[in-house]
Amino acid sequence: MDEFIDAMLDDNPDLTTRELNRMLRRQFGPHISKGRIAYGDEFIDLQDYQVEALRANDRKAWQHEHPPRTASFSPSPQRRGTAQTFKFSSHAQAYYHQRRFS
């Protein structure tokens, strides 16, 4: 089992726990939960480097899927020009725009 996980991490260094679970279920039947392989009532602990790699990949995938909300508040040149014309901050305009059109 460890060799299979190592081979999968070597083939795809950005492999997430979800993707690995899908492969494990197809091949062997168990799944990974909380850093352990659960196979029926038995639990086998993963190696520390495997757990760290999977957690880092999960975190990276989550950050990619959920970009920070502050990115929508960055003032564009158009917003800055409108803000200067009407004399209010571009951040206030971005907040108003997000609240109105969300």
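The values are calculated or read from the model by the stated rules, or taken from the named source; none is laboratory data. Since the model is a prediction, treat every value here as computed from it, not as a measurement. Reconstructed Cβ throughout: ideal geometry from the backbone, glycine too, with neighbour counts over all protein chains shown. Surface areas here come from the heavy atoms of the whole protein model, side chains and all, with no ligands, DNA or RNA. Shrake-Rupley method; radii C 1.70, N 1.55, O 1.52, S 1.80 Å.
The residue of the range 1-16 that is farthest from the chain's Cα centre (by Cα), among those that are under 13 Å from Arg55 (Cα atoms) and open to solvent by 30 Å² or more (accessible area, probe 1.4 Å), is Pro13. Within the range 1-25, the set of residues being of a type in the set (Ser, Thr, Tyr) and outside any helix (DSSP H, G or I) comprises just one member, Thr16. For the range 26-55, the tally of residues that are surrounded by 12 or more Cβ atoms within 10 Å (Cβ to Cβ), in a helix (DSSP H, G or I) and not polar (S, T, N, Q) stands at 5.
Restricting attention to the range 8-38, the residues that are aliphatic (A, V, I, L, M) and without any contact (Cβ under 8 Å) to a residue 12 or more places away in the chain add up to 1.
Within the range 17-38, the set of residues being under 19 Å from the mean Cα position of the chain (by Cα), polar (S, T, N, Q) and modelled with pLDDT under 90 comprises just one member, Ser33.
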